[in-house]
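Engineer: Just passing along the structure, written as structure tokens.
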Amino acid sequence: NFHHHTNWDHEERPQGYFGVRDGGHNSFGITIANVQPNVCGEALTVPAAVQSTAIPPVRVESQKLAEGVFYLTGGSHHSVAVEFSDFVTVVEAPLDEARSLAVIGEVKKLIPNKRIKYVVNTHHHFDHSGGLRTYVHEGAIPVAHRDLVPYYYYAVMDLAPRTLEPDRLSLYPPDEFQETFVLEGVQNDKYTISDGTRIMDLHLVEGNPHAVGMLMVHLPKEKLLIEADLFNPPAANAPLPTTASAANTSLYNNVQRLKLAVAQIVPIHGRVFPWADFVKIAGSGKTN
């Protein structure tokens with residue numbers, strides 16, 4: 001039974017208990033009643049429609065939001081590439097390696113001859129961090145909130161073999177990776193990336209209901225706010241929601257608390273959305 005346990009901290013585990021550890025942390029525990037090893041069941045028949053289905057290539061579309069700022073869309077999860085004097089910062093590495101490789105390829109076309117130095121992670125959920133390892137293999141430094149650093153360092157970036165679908169980092173790890181790997185932690189709930197001219201501020205979203213260590217990214221000169229999962233804009237020409245969710249409210253309250261100048265929201269899901277319209281939703285005081 002999943003999570004079927006009593007106070008075992010100071011007791012012997014019952015017979016049949018099987019604890020699984022992953023990356024040094026307990027993942028789950030199960031109680032096994034019966035085991036039949038090496039039983040070969042009947043072979044599965046794969047439907048012809050499945051066998052002939054072609055997986056479409058990952059599609060990346062770019063939209064220029066400001067000079068040197070590109071919105072990389074084309075799927076369910078987006079990224080944002082920001083050009084600095086001699087490097088590039090990418091906000092969000094979602095989904096998987098295939099998505100990251102496609103986005104990295106687009107970044108190199110849009111901003112040639114500049115390396116991706118930083119990849120900013122808004123939060124730890126798998127669909128928003130699944131492509132981080134690909135950027136690390138590319139040489140980028142992940143930036144995440146300090147509360148998530150141990151998880152990323154010891155679990156996500158662990159070089160244990162990936163036998164089902166190995167990625168580039170597991171197949172071709174850089175020499176002495178574990179000794180040289182760098183992960184920047186956002187201390188004091190704010191982190192700034194700058195080249196002396198362009199400024200990118202990372203802020204903790206305090207009190208949000210979605211994820212511990214959630215970051216939002218602010219470009220003060222461009223008045224752009226990049227966020228994930230706290231507000232997913234309605235479709236174009238759709239009516240505005242009449243009430244705000246707890247996540248919407250937390251985003252609004254944090255922007256107000258920090259006194260950020262925002263003209264547009266750049267969400268990881270959806271489309272660019274005017275801040276003034278968001279205020280009509282989240283600033284109304286009506287919640288759902």
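Engineer: Just report the Cα centroid separation between the stretch 44-95 and the stretch 152-225, whole Å.
Structural biologist: 18 Å
Engineer: Hey, another quick one. Once the chain is represented by equal point scatterers at the alpha-carbon sites, with solvent omitted, what log10 I(q)/I(0) does the Debye formula produce at q = 0.08, 0.15 Å⁻¹?
Structural biologist: Results for the chain at q = 0.08, 0.15 Å⁻¹ read -0.43, -1.18.
Engineer: Determine the alpha carbon to alpha carbon distance for each of LYS109/LYS280; LYS108/LYS259; LYS108/LYS221; LYS114/LYS280; LYS190/LYS280 and list only those over 31 Å.
Structural biologist: Correct reply: LYS109/LYS280; LYS108/LYS259; LYS114/LYS280.
Engineer: First check a/c for the stretch 216-288, with a ≥ b ≥ c the square roots of the eigenvalues of its C-alpha gyration tensor; if it is under 1.5, answer rounded, and if not, answer prolate when a/b is larger than b/c or oblate otherwise.
Structural biologist: Oblate, because a/c is 1.5 or more while a/b does not exceed b/c.
Engineer: Add +1 for every Lys or Arg and -1 for every Asp or Glu among the other residues with Cβ under 9 Å from the Cβ of THR122, and state the total.
Structural biologist: Here the count lands on -3.
Quick note: the coordinates plus some simple rules give every number you see, no bench work behind them. Keep in mind that this is a model prediction, so the values were computed, not measured. Cβ: placed from backbone, ideal geometry, glycine included. Neighbour counts: every protein chain shown.
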